[in-house]
Amino acid sequence: MDNLEQSIKKNFIRLGLWLGLGLLALNIFSFYFITEISKSPVMFVAAPLIYSFIVPIILVIVLCFYGRKKIGGYWSFKQATTGIFIMFLIAYVMLTVGRDFIFARLIEPHMIEKTEKAFLNASAIIRKQPGANQKQLDVTEADVKRNFEEQKNVTVGKVVQGIALSIIFIFVLALIFGALFKRDLPVYPASTD
């Protein structure tokens, strides 16, 4: 393994740790924001979108540019995909352990119930608004309640299936980001002088 490959792995393990910490902080803040801080139904919907999608993508883009710069500014598609996959995988492990095993079990053991209560409160506010489609709200509310009940009954098979699907998804994302952030060394034609 050459120095560039080692540098990519070393730098992107570190960046994965930073990404994992950032995503963990965003997830915890998002939970408290929708359950404790915000009483607006619009923010109940917008906060998870902002904190789980928009900000993480911006963070990943910044870290990819920073990581590429740290290794010299040039890397092939394979090297970019490898580094980004390592970063995503480390971040996923940190997020899963931090959120699902430490935060949800030790700090906030009633996380699902609190989130469900916040959803029902936001739904009640929407119901009071004129022109709200009550039948559609009833169907949506029933679906969400069913989803919350499924989250309370986690089996080993569901966990393993979730991890496998997540790793596949992480690899596909790494391929996409690798294609976007690859930068091959410029090739100059040989001079015939």
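The values are calculated or read from the model by the stated rules, or taken from the named source; none is laboratory data. Note that this is a predicted model, so its numbers are computed, not measured. Cβ coordinates were reconstructed from backbone atoms using ideal geometry, including for glycine residues, and neighbour counts include every protein chain displayed. Side chains included, ligands, DNA and RNA excluded: accessible areas come from the protein's heavy atoms. Shrake-Rupley method; radii C 1.70, N 1.55, O 1.52, S 1.80 Å.
What is the number of the single condition among (1) of a type in the set (A, V, I, L, M, F, W, C); (2) buried (at least 19 other Cβ atoms within 10 Å of the Cβ); (3) over 21 Å from the mean Cα position of the chain (by Cα) that V139 does not meet?
So the condition that V139 fails would be (2).
Would you pick out the residues in segment 3-29 that are open to solvent by 20 Å² or more (accessible area, probe 1.4 Å) and in contact with a Gly (Cβ under 6 Å, 6 or more places away or on another chain)?
Listed by number, the list holds a single entry, L24.
Is one or more of the residues making up segment 114-133 within 21 Å of G162 (Cβ to Cβ) and out of contact with any strand residue (DSSP E or B) (no Cβ under 7 Å at 6 or more places or on another chain)? It would help to see each step written out before you state the result.
So in segment 114-133, the residues within 21 Å of G162 (Cβ to Cβ) come out as 115-116.
Filter once more, so that each one left must be out of contact with any strand residue (DSSP E or B) (no Cβ under 7 Å at 6 or more places or on another chain): 115-116.
Yes, the conditions are met somewhere in segment 114-133.
Which one is farthest from F171 (Cα to Cα), of the residues in segment 63-92 that are under 21 Å from the mean Cα position of the chain (by Cα) and exposed (fewer than 14 other Cβ atoms within 10 Å of the Cβ)?
In this case the residue turns out to be Y66.
Within the set of pairs 6 or more residues apart or between chains, which connect a residue that is touching a residue at least 40 places away in the same chain (Cβ under 8 Å) inside segment 84-113 to a residue that is assigned to a loop (DSSP other than H, G, I, E, B) and basic (K, R) with Cβ atoms less than 9 Å apart?
none
Within segment 173-187, work out how many residues are open to solvent by 70 Å² or more (accessible area, probe 1.4 Å) and in a helix (DSSP H, G or I). Spell out the reasoning first.
At the first step, the residues of segment 173-187 found to be open to solvent by 70 Å² or more (accessible area, probe 1.4 Å) are 176, 180, 182-185, 187.
Then drop every residue that is not in a helix (DSSP H, G or I), which leaves 176, 180.
The number of residues fulfilling the criteria is 2.
Please enumerate the residues belonging to segment 151-170 that are in a helix (DSSP H, G or I) and either among the hydroxyl-bearing types (S, T, Y) or open to solvent by 100 Å² or more (accessible area, probe 1.4 Å) (or both).
Matches in segment 151-170: V156, K158, Q161, L165, S166, I168, F169.
Working only within segment 91-128, note down all residues that are closer than 30 Å to N11 by Cβ and aliphatic (A, V, I, L, M). Break it down into steps so the answer makes sense when it comes.
Taking segment 91-128 and keeping what is closer than 30 Å to N11 by Cβ, we get 91-103.
The answer is A91, V93, M94, L95, V97, I102.
Can you tell me which residue among Y51, Y32 is over 18 Å from K182 (Cα atoms), surrounded by 15 or more Cβ atoms within 10 Å (Cβ to Cβ), hydroxyl-bearing (S, T, Y) and under 20 Å from the mean Cα position of the chain (by Cα)?
When all the criteria are applied, what remains is Y51.
Quick grid of which residues meet (1) under 22 Å from M94 (Cα atoms); (2) not hydrophobic (A, V, I, L, M, F, W, C):
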{"position": "L4", "(1), (2)": "no, no"}
{"position": "S7", "(1), (2)": "yes, yes"}
{"position": "L21", "(1), (2)": "yes, no"}
{"position": "L59", "(1), (2)": "yes, no"}
